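Undergrad: The structure that follows is given in the form of structure tokens.
The values are calculated or read from the model by the stated rules, or taken from the named source; none is laboratory data. Keep in mind that this is a model prediction, so the values were computed, not measured. Cβ sites come from the backbone with ideal geometry, for glycine too, and all protein chains shown count toward neighbours. What goes into the accessible areas is simple: the full protein's heavy atoms, side chains included, and nothing from ligands, DNA or RNA. Shrake-Rupley method; radii C 1.70, N 1.55, O 1.52, S 1.80 Å.
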Amino acid sequence: MKIVSIDCQLTKAERLQNVDHPNKMQIKTLERSGYDQYWIEPNGVREMAASAAKKAISKLNIHTKDIDFIIAGQSGVPDYIGIDLACQVGAELNCKSVRTMNLVEGCASGISAWMHASSFAKSLPVNKVGLIVLSQRISDSHQDRFGLMNAILSDGAAVAVVAGDSWSLDGPSLRYLAAEDISDCRYVDMMRVEHGGGKQPYVSETLDPRKDKLGRERIMDIYRFDADALTEFLKLRSDNNIDIIRRVISEVGRELNRPFLIQTLEGKQSIKSLCNELGIPTDRSNLDLLPKLGHIGCVDLLISLKILVEEDKIKPGDDIVMSTISTGLKWGAAVFEYDES
């Protein structure tokens, strides 16, 4: 399976320095974590994701009837409870007979979407394509976009059009090689959105999510961690990230060629530490995109890939390692090659 087109939707940029937040220390923490700019979307996730899809499709000589499947992954609060984003995007594209899958796995959707697409692609008819749609739109009524650990949550979408290996392209092609994920379900509550679900169905007019407990304080409260338990948890989080990356690399069956790391944009220290563990220079990572993008959840990986290829930082002959940590608690990794042929 290869990627034949990528595009994205980022609508309105805002600066961290202009944010008025009741917790000034949290804003300073985000600044120290490397953030500067973030993105907001005035429309719903349906319109945002469909805009990215239409732009990706417009680069190719294809029509709606050529789309065989849509796999949509999202992080953040959906437009409506229980609605299917894959079908929402299909509705905007006027798809009438298409396979769909809707993934709601937080940042991990950015990995699992590729695993499912690879399975779908095995029965992909010649001259047909599939869409991988990844999006995040934060509902500021439900969740503080500045309050998740050490990251600013941005709104955005990215779409990849994928096809079989026989699809002809002018120039190099991005090929999917392998992916893996694993969950430690004990920590499923770590990043849950407290307000608006079946347990607390209404968002009251007096609710201010910016006053919710933040980051590590919230984790310690949920799991009744003392300082030692928190340290052990953070080590588990890091160790499993390394383990899943090494596992998926072993599936490729060869040494990686000039590996380039694309990691969830969850703070500069996290990316630097991971680069150090893997022996990858930080200038061969998406670290420099963190101040420009914020953390767009499951979109981080695909939008980083698009930008880095366009900026010629990822070059033909490179192998690409994608990695994410997500609610679940889930770790995932995937490997791609930028094939010169």
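Undergrad: For residues that are open to solvent by 30 Å² or more (accessible area, probe 1.4 Å) and of a type outside the set (Asp, Glu), scanning just the stretch 312-329, find the one that is farthest from residue 258 (Cα to Cα).
TA: The extreme case among them is 327.
Undergrad: Moving on. Anything in the stretch 299-311 that is touching a residue at least 12 places away in the same chain (Cβ under 8 Å) and open to solvent by 10 Å² or more (accessible area, probe 1.4 Å)? List them, or say none.
TA: Across the stretch 299-311, the qualifying residues are 306, 307, 309.
Undergrad: Would you check if there is a residue in the stretch 168-177 being surrounded by fewer than 23 Cβ atoms within 10 Å (Cβ to Cβ), among the polar types (S, T, N, Q), out of contact with any Gly (no Cβ under 8 Å at 6 or more places or on another chain) and touching a residue at least 12 places away in the same chain (Cβ under 8 Å)?
TA: Within the stretch 168-177 (the criterion being surrounded by fewer than 23 Cβ atoms within 10 Å (Cβ to Cβ), among the polar types (S, T, N, Q), out of contact with any Gly (no Cβ under 8 Å at 6 or more places or on another chain) and touching a residue at least 12 places away in the same chain (Cβ under 8 Å)), the answer is yes, since at least one residue qualifies.
Undergrad: Right, another one. Name the single residue, out of those in the stretch 246-293 being basic (Lys, Arg) and on the phi < 0 side of the Ramachandran plot, that is most open to solvent (accessible area, probe 1.4 Å).
TA: 246
Yes/no per residue for (1) within 16 Å of the chain's Cα centre (by Cα); (2) over 25 Å from residue 98 (Cα atoms):
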site: 120; (1), (2): no, no
site: 123; (1), (2): no, no
site: 143; (1), (2): no, yes
site: 147; (1), (2): no, yes
site: 151; (1), (2): yes, yes
site: 169; (1), (2): no, no
site: 176; (1), (2): no, no
site: 218; (1), (2): no, yes
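Undergrad: Only one of 98, 45 is closer than 15 Å to residue 134 by Cβ, touching a strand residue (DSSP E or B) at 6+ places or on another chain (Cβ under 6 Å) and among the β-branched types (Val, Ile, Thr). Can you tell me which?
TA: Going through 98, 45 in turn, the sole match is 45.
Undergrad: Considering only residues that are of a type outside the set (Gly, Ala, Ser), farther than 15 Å from residue 89 by Cβ and not in a loop (DSSP other than H, G, I, E, B), which ones fall in the stretch 131-161?
TA: 148, 153
Undergrad: Is there a residue being surrounded by 15 or more Cβ atoms within 10 Å (Cβ to Cβ) and touching a residue at least 60 places away in the same chain (Cβ under 8 Å) anywhere in the stretch 83-96?
TA: There is no residue in the stretch 83-96 that is surrounded by 15 or more Cβ atoms within 10 Å (Cβ to Cβ) and touching a residue at least 60 places away in the same chain (Cβ under 8 Å).
Undergrad: Looking only at residues that are closer than 16 Å to residue 143 by Cβ and aliphatic (A, V, I, L, M) in the stretch 10-40, which one is most open to solvent (accessible area, probe 1.4 Å)?
TA: Taking the candidates together, the pick is 40.
Undergrad: Scan the stretch 41-79 for residues that are touching a Gly at 6+ places or on another chain (Cβ under 8 Å), at pLDDT below 95 and open to solvent by 20 Å² or more (accessible area, probe 1.4 Å) and jot them down.
TA: 76, 77, 79
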